[in-house]
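Okay, structure first, notes after.
Readers should treat all values here as calculations from the given coordinates under stated rules, not as data from a laboratory. Quick caveat, the model's predicted, so the values are computed rather than measured. Reconstructed Cβ throughout: ideal geometry from the backbone, glycine too, with neighbour counts over all protein chains shown.
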Amino acid sequence: MPESATQVAVAAPEQTTQPENDLRWKQVTGLPCDVSVEVPVPGYRVRDLLELQPDSVISSQWLTTANLPLKVNRDFIAWCEFEVLGKQLAVRLTELA
């Protein structure tokens, strides 16, 4: 290598988790929480709700690719979108709040 060449040292990422932090996370990972995705359905009535049956489909004005608010314990934490996985409906996080 010529003497005029510049050498760049790449540092390994610093480990950010300390053993005492891991212990704190272990204490809370089992706590229950409520997760909800809210889809506004304008014009929906109690009568419509009472007529719901298994496999019912509810129409909304949201596009399938639209970001929906995701809440944990009623606190907004992220945006997500619906995704079909086999015969199940899932949500994919798209952006953290």
TODO: For VAL84 paired with VAL37, estimate the spin-label separation in nm (one decimal), with each label point 7 Å from Cα along the Cα-to-Cβ line.
DONE: 1.3 nm
Task: Derived scalar couplings ³J(HN,Hα) [region 23-29; Karplus, 6.51 cos²θ - 1.76 cosθ + 1.60; whole Hz; x for Gly, Pro] - done: 4, 5, 5, 4, 6, 10, 5
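Order these by the 10 Å Cβ neighbour count, fewest first: THR29, THR94.
Numbers: THR29 7, THR94 14.
Going from sparsest to densest Cβ surroundings: THR29, THR94.
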